[in-house]
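In what follows, a structure is listed as structure tokens, so that the remarks can point back to it.
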Amino acid sequence: MPQYKAPLRDVRFLLNEVFDYEGHYKGLPGGDEASPDMVDAILEGCATFCEEVLAPLNLPGDLEGCTIQDGEVTTPKGFKEAYAEYVAGGWQGLSHPKEYGGQELPMSLNLLKAEMMGTANWSFTMYPGLSLGCMNTVFQFGSTEQKNTYMPPLVSGEWTGTMCLTEPQCGTDLGQVKTKAEPVGDGTYKLTGTKIFISSGEHDLAENIIHIVLARLPDAPKGTRGISLFIVPKFLVNKDGSLGARNTVRAGALEHKMGIRASATCVMNFDDAIGYMIAEPNKGLEAMFTFMNTARIGTAVQGLAHAELSYQGALPYAKERRSMRAVSGKKDAEHPNDALIWHADVRRMLLTQKAVAEGARAMIYHAAKLADHMVAGVAEGNKAKYEEYDDRLGFYTPILKGFITELGLECANIGMQVFGGHGYIKEHGMEQIARDARISTLYEGTTGIQALDLLGRKTLLQSRGKCIFSFTNEMIAQAKPHLLDGGPVGKMARACFKRALQWKWLTLQIMLRANKDRDVVSAACNDFLMYSGYVMMGHFWLKQAIAANEKLAKGGKDSKEFYTAKLQTAEFYFERLLPRADGHKKTMLSSTSSVMQMNNEHFSFN
């Protein structure tokens, strides 16, 4: 089983030497409390908790899974104790308001925490993680009474939360939601319906679970315009904050899943369950999607987490396992064969994992700074600021969620490949990473949904290409000072400069073609997303390479060897992974006829 070790050297390099998080925090309201010493203490404490408590539960939790009896779910051995330790450490309220018991530190610190926890044990991390959407919704749209009732125990972690959205008949198309909400007359509603795929819908970790539920009022318009949002607690809450009667919402079943088996994914049945409206009638979907960008960044973290964990499993195995001699000649003369790491193809796989993990981390940490400003806008009641950063973050999120999870899944499979046949065996833990990673490309919107969002909605409809042009201008500005440099940084800068111009041109080409053939958007969107991801990661690898090169010349906080390895990993990315963008470029520009011409009846001749 991979022995997780928090990659604190790389985290500190990004925070301190690439993105200047110290200066960033000073510019946030209340950010002064996130001093370098405080941030370092949080990183060290979280790393210890993840390495010593969560990581050892990952494999046994997968083997045991969750069980259900009479609607009550039991989590694997050790999870309840680990969650109690998590609550006692105050980890849940890290980035939530002090008035509700939180520490009110920047939201980005919560993402740093989520990366370490998710890499150590993604199944466990989903229990407190699903509460974030619930808390964010109550915080922004709840009444004063609702906030005072639900926020303190959610912030402390004594209670957890869920988002109950989809149903058997609708999947991503939430306009088909059928769950009914009948007004009782006293300000409450009775909800009836079934929700599926509800992560943490029922468990034994916390004394109460607060469900945020999409449902329709009796006179609601059809489609997405007729959906309202409700708070439905597992146990009703008395006026003094104590728990009252059991509500009529229960888990009908546990989903039998390919991976994340220690996370309880439930079918939830609402049978005249008492609920309380949150936000305005028939505007529930709008309220629910308010923090969807941050939820999708959270899923992008899963792609990073599985790339990192699979790499941490594959690297020591490649150093220890011996097989044949290297093609270039004997490397370990004292042994009859050489370690796997001497074989060029194995090094290619390891470097792919390393480049993806470190490139994805840089992309997410940059987006986390935007999220800090967005949340600050909410806290300040500054709608203009919130909308500005939400829009900026909205460009990143489909790329982060779609691209990074696809590459995270690839890296999980690479880890199995390094192990050979042993990677297929449960006790090594590598096949679990691949199974756990598979869901990341599906939930919170499949890769196809993210691709349509990026090309169809964000690029063509909302901005007419401006979101791409704005980011590529940032790429050009970063590359320009280094275009004439010798050595690897200059070569990378020139590659980024050319890709920025190419990305602009491709966007214009797709826009022109879409005016004549609407199928172009759907046929090209996946390749457009992946192309965008490879080019964006190149931009952030150049940013890291510039920083590492500067530290090699002037000295930095880490060793010469660390910065050299960073530059060499960047070179590998530009020479071996970025060229994949060319295939996506060619495919997205090809005619839609090869996709659309076949008669539906001719897909099969059975």
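The values are calculated or read from the model by the stated rules, or taken from the named source; none is laboratory data. On a predicted model such as this, the values are computed, not experimentally measured, just so you know. Cβ placement follows ideal geometry from the backbone for every residue including glycine, while neighbour counts extend to all protein chains displayed. Note: accessible area is taken over every heavy atom of the protein model, side chains too, but ligands, DNA and RNA are not part of it. Shrake-Rupley method; radii C 1.70, N 1.55, O 1.52, S 1.80 Å.
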Integer Hz, Karplus 6.51/-1.76/1.60 couplings in order for region 27-38, x for Gly and Pro
x, 9, x, x, x, 4, 5, 8, 5, x, 5, 5
Order the peptides 549-558, 430-439, 91-100 from the highest to the lowest mean number of other Cβ atoms within 10 Å of their residues.
430-439, 91-100, 549-558
Computed P(r) (all Cα pairs; region 465-507; 10 Å bins; percent)
33, 48, 17, 1
Accessible solvent surface per residue of the chain, calculated while the other protein chains remain in place, 1.4 angstrom probe, Å²
42 Å²
Signed unit charges on C-beta, dipole axis of region 15-150, positive-most listed residue S108, F141, V39:
F141
In whole Hz, the Karplus estimates of ³J(HN,Hα) for region 321-335 (6.51, -1.76, 1.60; θ = phi - 60°; x where Gly or Pro) are 6, 10, 7, 6, 9, 4, 4, 7, x, 4, 10, 9, 4, 6, 10
On C-alpha positions alone, give me the angle between the axis of helix 405-419 and the longest principal axis of the chain, in degrees, nearest 10.
60 degrees
Listed by chain and number, the residues whose amide H is under 5 Å from that of V237, excluding neighbours fewer than 5 places away on the same chain and using placed H, are G244
Can you run phi through the Karplus equation (6.51, -1.76, 1.60; θ = phi - 60°) for region 158-175 and list ³J(HN,Hα) in whole Hz, with x for Gly and Pro?
4, 10, 10, x, 9, 10, 9, 10, 7, 9, x, 8, 10, x, 6, 7, 6, x
Nothing charged except the Cβ atoms of Lys and Arg (+1) and of Asp and Glu (-1): what's the magnitude of the dipole of region 1-93 about its Cα centre? Round to the nearest 20 debye.
160 debye
Using the structure shown, list the pairs from K5/K26; K458/K480; K257/K401; K180/K222; K401/K458; K491/K566 with a Cα-Cα distance above 18 Å, or answer none.
K5/K26; K458/K480; K257/K401
Can you give me the long-range amide H partners of S199? Hydrogens built in the peptide plane at 1.01 Å from N, cutoff under 5 Å, separation of 5 or more residues or another chain.
C266
With every protein chain left in place and a probe of 1.4 Å, what is the accessible surface of E158, to the nearest 10 Å²?
100 Å²
Would you mind calculating the gained length between Q509 and R321 on full extension (0.36 nm times residue separation, minus the Cα-Cα distance), in nm to one decimal?
62.7 nm
Largest to smallest accessible area among E22, E427 [probe 1.4 Å]
E427, E22
Considering only protein heavy atoms and a 1.4 Å probe, what is the carbon-and-sulfur percentage of the accessible area of region 265-404?
52 percent
So for the pair N148, D186, with labels modelled 7 Å out along Cα→Cβ, what separation do we get in nm?
2.0 nm
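Can you sort S143, S328, S123 by solvent-accessible area, 1.4 Å probe, largest first? Show your work: numbers first, answer last.
On the way: S143 55, S328 95, S123 5 Å².
So the residues, ranked largest to smallest area, are S328, S143, S123.
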Solvent-accessible surface (1.4 angstrom probe) belonging to H373, in square angstrom, nearest 10:
40 Å²
If amide hydrogens are placed 1.01 Å from N in the peptide plane, which non-local residues have theirs closer than 5 Å to the one on D204?
T75
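Which value, in debye to the nearest 20, gives the size of the charge dipole of region 232-339 about its Cα centre, when Lys and Arg are +1 and Asp and Glu are -1 at the Cβ? Don't skip to the answer; put the middle values down first.
Numbers: 14 positive and 11 negative charges, 80 e Å.
Charge dipole of region 232-339: 380 debye, to the nearest 20.
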Taking the mean number of other Cβ atoms within 10 Å as a proxy for protection, how do you rank 301-309, 10-18 from highest to lowest?
301-309, 10-18
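What does the highest-first list of 271-284, 576-589 look like by mean Cβ count within 10 Å? Don't skip to the answer; put the middle values down first.
Working: 271-284: 19.4, 576-589: 16.2.
Ranked by mean Cβ neighbours within 10 Å, highest first: 271-284, 576-589.
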Distances over 41 Å make up what percent of all Cα-Cα pairs in the chain?
25 percent
